[in-house]
1. So, in the range 59-90, how many residues would count as being farther than 25 Å from Pro38 by Cα and exposed (fewer than 15 other Cβ atoms within 10 Å of the Cβ)?
2. Do any residues in the range 99-111 that are surrounded by 13 or more Cβ atoms within 10 Å (Cβ to Cβ) have Cβ atoms under 6 Å from those of residues that are basic (Lys, Arg) and outside any strand (DSSP E or B), where the two are at least six apart or on different chains, and which pairs are they?
3. Only residues in the range 122-148 that are among the β-branched types (Val, Ile, Thr) count as the first member; pair them with residues that are assigned to a strand (DSSP E or B), Cβ under 7 angstrom, at least 6 apart or cross-chain, and list the lot.
4. Would you check which residues across the range 1-27 are more than 28 Å from the chain's Cα centre (by Cα), touching a residue at least 12 places away in the same chain (Cβ under 8 Å) and within 16 Å of the ligand (Cβ to nearest atom) and list them?
5. In the range 33-47, what residues are more than 16 Å from the ligand (Cβ to nearest atom) and among the aliphatic types (A, V, I, L, M)?
6. May I ask you to say which residue of Asp63, Asp50, Asp30 is touching a residue at least 24 places away in the same chain (Cβ under 8 Å) and within 16 Å of the ligand (Cβ to nearest atom)?
7. Would the range 127-134 turn up any residue that is among the hydroxyl-bearing types (Ser, Thr, Tyr) and in a helix (DSSP H, G or I)?
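A short reminder: the numbers here are calculations on the coordinates, not readings from a lab. Values in this document were obtained by computation on a predicted structure and should not be read as measured data. For neighbour counting, all protein chains shown are included, and Cβ atoms are generated from backbone atoms with ideal geometry for every residue, glycine included.
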Amino acid sequence: MKFKYCPLCGDELEQKYSYDEGGVPYCKKDDKMFFDTPRPCIVVGVIKNDEILLLKQSYIFKDSKVLISGYVGQNESAEETVYREVLEETGIKVKNISYIGSDYVKDKDLLMLTFIAIYKEGEIIKSDEVEHVEWCKIDCALAQMKEDLVGTKAVSKIMEILKNDIN
Ligand SMILES: [Zn+2]
């Protein structure tokens, strides 16, 4: 997000020189800098043996399945977002949440934080906001996710990690 007006008082922001960041939008009245920040968002591959949890959300991609994702909320860590989103969208509880890398999604100005999490307990109880949820064999996941570039990258990374774990 690029700030043009002060989110606190509404005044137009000026540029203030910050020694390591260059010009930063600044409000004189509030004496505050508003750094340009992408919105943090999590995407998670939930693993149960040789299966991964995939969603179908036609409003995002017509013909592809996607991983579980969601915006990091105020007052929560990215790991807490992972736990909350998986539970809210699918009814599944996860454990061993690990961060495995990030991607910047330019057209949406998102910082995508990628996680892997292990199934702990629960049956699939789909949220009303989700069209369809299912466990898919990890080996077959990529073929079903063609439109989802971030998800494809995440699953490839997860497959790599799981392979190295076993060997
Ligand atoms: Zn202000």
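1. Of the residues in that region, 2 qualify.
2. Ile100/Lys157
3. Hits for this filter: Ile124/Val133; Val130/Leu55; Val133/Leu53; Val133/Leu55; Ile138/Glu51; Ile138/Ile52.
4. Correct list: Cys9, Asp11, Leu13, Glu14, Lys16, Tyr26, Cys27.
5. Filtering the range 33-47 for residues more than 16 Å from the ligand (Cβ to nearest atom) gives 36-47.
Once the filter is applied, which keeps residues that are more than 16 Å from the ligand (Cβ to nearest atom) and among the aliphatic types (A, V, I, L, M), the range 33-47 yields Ile42, Val43, Val44, Val46, Ile47.
6. Asp30
7. Our first condition is that a residue be among the hydroxyl-bearing types (Ser, Thr, Tyr); within the range 127-134, this holds for 127.
Remaining after also requiring in a helix (DSSP H, G or I): none.
No, the range 127-134 has no match at all.
For (1) touching a strand residue (DSSP E or B) at 6+ places or on another chain (Cβ under 8 Å); (2) closer than 22 Å to Tyr59 by Cα, each residue gets a yes or a no:
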site	(1), (2)
Leu110	yes, yes
Ala117	yes, no
Ser127	no, yes
Lys137	yes, no
Ala141	yes, yes
Gly151	yes, yes
Lys157	yes, no
Leu162	yes, no
